[in-house]
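The block underneath contains the structure these notes are about, expressed in structure tokens.
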Amino acid sequence: MKTLVLFYLLMSAAFLSAADSQKQFKVAERTFEVPSTWTAVTPSSKMRKAQFKAGSVEIVVFFFGAGSGGSAEANVNRWIGQFKEPKEELSSKVEKKKIKTATITTVSAKGTYMSGSPFGQKTPMPNYGMRGAIIECKGGPIFIKMTGPSVDVTKSTPDFDKTIKSGL
């Protein structure tokens with residue numbers, strides 16, 4: 001009987017440990033907590049270090065190492081440039097903050113998102129939103145971007161921001 005109870009406890013601990021590991025991801029020696037509403041999916045390219053779905057919203061994580069990936073400003077401009085409309089029509093917002101040992105640049109935009117690979121065919125996605133964060137830290141910048149229907153991105157923004165702060 002003691003063996004059965006011990007086995008049950010060990011299996012429960014293993015299951016809980018596995019469940020916990022699915023609720024976080026690690027990049028550049030930083031661990032980020034993931035909301036239970038996010039589902040991990042296999043990254044669609046080798047450039048992506050992690051990828052998640054939250055309903056119709058996609059969250060992707062990029063990390064290229066120290067000195068790679070470009071500046072925060074260059075990435076903000078590139079992300080905003082992924083919309084069909086000019087920057088002035090996107091209700092875009094960019095903020096830069098120093099939190100603990102990292103500088104975080106966040107960007108939000110709404111409009112017609114041009115979905116597709118950087119050098120491939122683009123599909124216009126009207127009424128889309130984007131929330132991105134660039135975390136400048138030791139080891140190189142971490143890029144995390146969320147895209148999807150504008151309403152869903154707005155709903156998911158508090159969870160996104162909480163995930164960003166969890167890795168600081």
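Can you tell me which of (1) touching a helix residue (DSSP H, G or I) at 6+ places or on another chain (Cβ under 9 Å); (2) at pLDDT 95 or above is the one Thr157 doesn't meet?
Going through (1) touching a helix residue (DSSP H, G or I) at 6+ places or on another chain (Cβ under 9 Å); (2) at pLDDT 95 or above one by one, Thr157 breaks only (1).
Confirm whether Val57 is within 16 Å of Phe160 (Cα to Cα), of a type in the set (A, V, I, L, M) and touching an Asp or Glu at 6+ places or on another chain (Cβ under 6 Å). Walk me through it before giving the result.
Working: within 16 Å of Phe160 (Cα to Cα): yes; of a type in the set (A, V, I, L, M): yes; touching an Asp or Glu at 6+ places or on another chain (Cβ under 6 Å): yes.
Considered against the rule, which asks whether it is within 16 Å of Phe160 (Cα to Cα), of a type in the set (A, V, I, L, M) and touching an Asp or Glu at 6+ places or on another chain (Cβ under 6 Å), Val57 comes out as yes.
Residue-by-condition table, conditions (1) within 15 Å of the chain's Cα centre (by Cα); (2) surrounded by fewer than 17 Cβ atoms within 10 Å (Cβ to Cβ); (3) modelled with pLDDT of 95 or more; (4) aromatic (Phe, Trp, Tyr):
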{"site": "Phe83", "(1), (2), (3), (4)": "no, no, yes, yes"}
{"site": "Pro86", "(1), (2), (3), (4)": "no, yes, no, no"}
{"site": "Phe119", "(1), (2), (3), (4)": "no, yes, no, yes"}
{"site": "Gly129", "(1), (2), (3), (4)": "yes, no, yes, no"}
{"site": "Gly132", "(1), (2), (3), (4)": "yes, no, yes, no"}
{"site": "Lys145", "(1), (2), (3), (4)": "yes, no, yes, no"}
{"site": "Gly148", "(1), (2), (3), (4)": "yes, no, yes, no"}
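For the range 67-154, give me every one of the strands (runs of 3 or more DSSP E) that falls completely inside it and has 1 or more residues that are on the phi > 0 side of the Ramachandran plot and among the polar types (S, T, N, Q). Spell out how you get there, then give the answer.
Details: elements: 93-99, 102-115, 123-136, 142-149.
Where strands (runs of 3 or more DSSP E) fall fully within the range 67-154 and carry at least 1 residues being on the phi > 0 side of the Ramachandran plot and among the polar types (S, T, N, Q), they are 123-136.
Can we say Ser115 is modelled with pLDDT under 95, touching a helix residue (DSSP H, G or I) at 6+ places or on another chain (Cβ under 9 Å) and more than 20 Å from Lys26 (Cα to Cα)?
Details: modelled with pLDDT under 95: yes; touching a helix residue (DSSP H, G or I) at 6+ places or on another chain (Cβ under 9 Å): no; more than 20 Å from Lys26 (Cα to Cα): yes.
So Ser115 does not fit the description; no.
Kindly provide the set of residues from the range 118-162 that are small (Gly, Ala, Ser) and free of Cβ contacts under 8 Å to residues at least 40 places away in the same chain, ordered by number. Walk me through how you get there before you give the answer.
Residues of the range 118-162 small (Gly, Ala, Ser): 120, 129, 132-133, 139-140, 148, 150, 156.
Result: Gly120, Gly129, Ala133.
Determine, yes or no, whether Ser92 is buried (at least 16 other Cβ atoms within 10 Å of the Cβ) and without any contact (Cβ under 8 Å) to a residue 24 or more places away in the chain.
Values: buried (at least 16 other Cβ atoms within 10 Å of the Cβ): yes; without any contact (Cβ under 8 Å) to a residue 24 or more places away in the chain: yes.
Yes.
Please tell me if Gly55 is within 16 Å of Tyr128 (Cβ to Cβ), in contact (Cβ under 8 Å) with a residue 40 or more places away in the chain and of a type outside the set (A, V, I, L, M).
Details: within 16 Å of Tyr128 (Cβ to Cβ): yes; in contact (Cβ under 8 Å) with a residue 40 or more places away in the chain: yes; of a type outside the set (A, V, I, L, M): yes.
Yes; evaluated as a whole, the condition is true for this residue.
Condition first: of a type outside the set (A, V, I, L, M), under 24 Å from Glu29 (Cα atoms) and touching a Pro at 6+ places or on another chain (Cβ under 9 Å). Now tell me which residues in the range 66-94 satisfy that. Give the derivation first.
As a first pass, look at the range 66-94 and keep what is of a type outside the set (A, V, I, L, M): 67-71, 73, 75, 77-79, 81-89, 91-93.
In the following step, the residues that additionally are under 24 Å from Glu29 (Cα atoms) were identified as 67-71, 73, 75.
Of everything in the range 66-94, those that are of a type outside the set (A, V, I, L, M), under 24 Å from Glu29 (Cα atoms) and touching a Pro at 6+ places or on another chain (Cβ under 9 Å) turn out to be Ser68, Gly69, Gly70, Ser71, Asn75.
Yes or no: Pro43 within 13 Å of the chain's Cα centre (by Cα), surrounded by fewer than 18 Cβ atoms within 10 Å (Cβ to Cβ) and either at pLDDT 95 or above or assigned to a strand (DSSP E or B) (or both)? Walk me through it before giving the result.
Details: within 13 Å of the chain's Cα centre (by Cα): yes; surrounded by fewer than 18 Cβ atoms within 10 Å (Cβ to Cβ): yes; either at pLDDT 95 or above or assigned to a strand (DSSP E or B) (or both): no.
In short, no.
Out of the residues in the range 98-117 that are without any contact (Cβ under 8 Å) to a residue 40 or more places away in the chain and closer than 17 Å to Asp161 by Cα, state the one that is surrounded by the fewest Cβ atoms within 10 Å (Cβ to Cβ).
Lys98
The values are calculated or read from the model by the stated rules, or taken from the named source; none is laboratory data. Predicted model, so just to flag it, every value in this text is computed and none were measured. Reconstructed Cβ throughout: ideal geometry from the backbone, glycine too, with neighbour counts over all protein chains shown.
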